[in-house]
């Protein structure tokens, strides 16, 4: 692969199993050092206290980050009953206590109220901006802004077990923008107690799961150069749920030049436009024409 001034031209996805205590930015730094890639980004941040799937986009894959961030995600998490914290996880200070410990039947009954589209207030300690400042920066200064509720989507919520009276283990499949910390806080309140997330692991982001993940330690074994194909996933893996649109050589050339192309009128929506088994563009089709949303340079 050709070397650029600030790194190698590497295109694809590396899926890292982020360890506890490490920030998403630190993971990107380790991938950059291991691959010498010129351009990187992540497909959805994870808190330092969370572990699990962190998709890292390299090169042309950074053009698909928005689709990765919009993808359905799966988390496994534990709620510690009886204590609410400022951060809604184990990092914050305890601000309320309760002696109530819910049991399985009432937990399962309460969970049904959190399915589908629900309104959710983000945690005070979150990266959301309030008047140009991050909410967590304001909270650290002792300012606690009132955050507006947001509409989020919960596809499924399962109780995995009750290892003891003080904890419950869960799995949630959810849409973009869902805060598991808020879900845990609100579920505890619905059960007449309080609680916070004591463990959190992301097991899937769209098409990316644990089977394709590499540990931070194993990144060091890649050397300093382009990763092998078994580790570097194709750019369009993040677009797995978007239907494909076949192109001719001529229509592929037009899209690469930013020009619209004719398509059957019954083809509408977002498509992966491909020619000769190669991703050319992401397009939006409507009324018999397709226009490029992103064009890829994958030689």
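The values are calculated or read from the model by the stated rules, or taken from the named source; none is laboratory data. All figures in this text were calculated on a predicted structure; none of them were measured in a lab. Ideal geometry is used to build each Cβ from the backbone, glycine not excepted, and the neighbour counts take in all protein chains shown.
Can you tell me how many residues within the range 205-227 are in contact with a helix residue (DSSP H, G or I) (Cβ under 8 Å, 6 or more places away or on another chain) and surrounded by fewer than 17 Cβ atoms within 10 Å (Cβ to Cβ)? Break it down into steps so the answer makes sense when it comes.
If we filter the range 205-227 for residues that are in contact with a helix residue (DSSP H, G or I) (Cβ under 8 Å, 6 or more places away or on another chain), which is where we start, we get 205-208, 216, 219-220, 222-227.
From what's left, surrounded by fewer than 17 Cβ atoms within 10 Å (Cβ to Cβ): 220, 223-225.
Residues that pass the stated criteria total 4.
Is at least one residue of the range 102-115 within 17 Å of residue 78 (Cβ to Cβ), part of a strand (DSSP E or B) and modelled with pLDDT of 90 or more? Spell out the reasoning first.
Of all residues in the range 102-115, those within 17 Å of residue 78 (Cβ to Cβ) come to 102-104, 107-108, 110-111, 114.
Still in the list and also part of a strand (DSSP E or B): none.
Looking through the range 102-115, none of the residues is within 17 Å of residue 78 (Cβ to Cβ), part of a strand (DSSP E or B) and modelled with pLDDT of 90 or more.
Report those strands (runs of 3 or more DSSP E) wholly inside the range 145-249 carrying at least 1 residues which are under 24 Å from residue 18 (Cβ atoms) and in contact with a strand residue (DSSP E or B) (Cβ under 6 Å, 6 or more places away or on another chain).
On the way: elements: 150-164, 167-174, 195-205, 213-215, 244-246.
Strands (runs of 3 or more DSSP E) meeting the threshold: 150-164, 167-174, 195-205, 213-215.
Test residue 293 against the stated conditions and say whether it is over 16 Å from residue 12 (Cα atoms), touching a strand residue (DSSP E or B) at 6+ places or on another chain (Cβ under 6 Å), at pLDDT 95 or above and in a helix (DSSP H, G or I).
On the way: over 16 Å from residue 12 (Cα atoms): yes; touching a strand residue (DSSP E or B) at 6+ places or on another chain (Cβ under 6 Å): yes; at pLDDT 95 or above: yes; in a helix (DSSP H, G or I): no.
In short, no.
Given the residues 252, 188, 199, 211, which is the only one that is over 30 Å from residue 86 (Cβ atoms) and either touching a residue at least 12 places away in the same chain (Cβ under 8 Å) or in the same structural domain as residue 150 (by TED's automatic domain parsing) (or both)?
Numbers: 188 fails: over 30 Å from residue 86 (Cβ atoms); 199 fails: over 30 Å from residue 86 (Cβ atoms); 211 fails: either touching a residue at least 12 places away in the same chain (Cβ under 8 Å) or in the same structural domain as residue 150 (by TED's automatic domain parsing) (or both).
After applying the criteria, what remains is 252.
Residue check: is residue 57 more than 25 Å from residue 158 (Cβ to Cβ), surrounded by 19 or more Cβ atoms within 10 Å (Cβ to Cβ) and within 20 Å of the chain's Cα centre (by Cα)?
Details: more than 25 Å from residue 158 (Cβ to Cβ): yes; surrounded by 19 or more Cβ atoms within 10 Å (Cβ to Cβ): yes; within 20 Å of the chain's Cα centre (by Cα): yes.
Yes.
Filter the range 48-88 for residues that are in contact (Cβ under 8 Å) with a residue 60 or more places away in the chain, out of contact with any helix residue (DSSP H, G or I) (no Cβ under 8 Å at 6 or more places or on another chain) and assigned to a loop (DSSP other than H, G, I, E, B) and give the result.
49, 70, 72, 82
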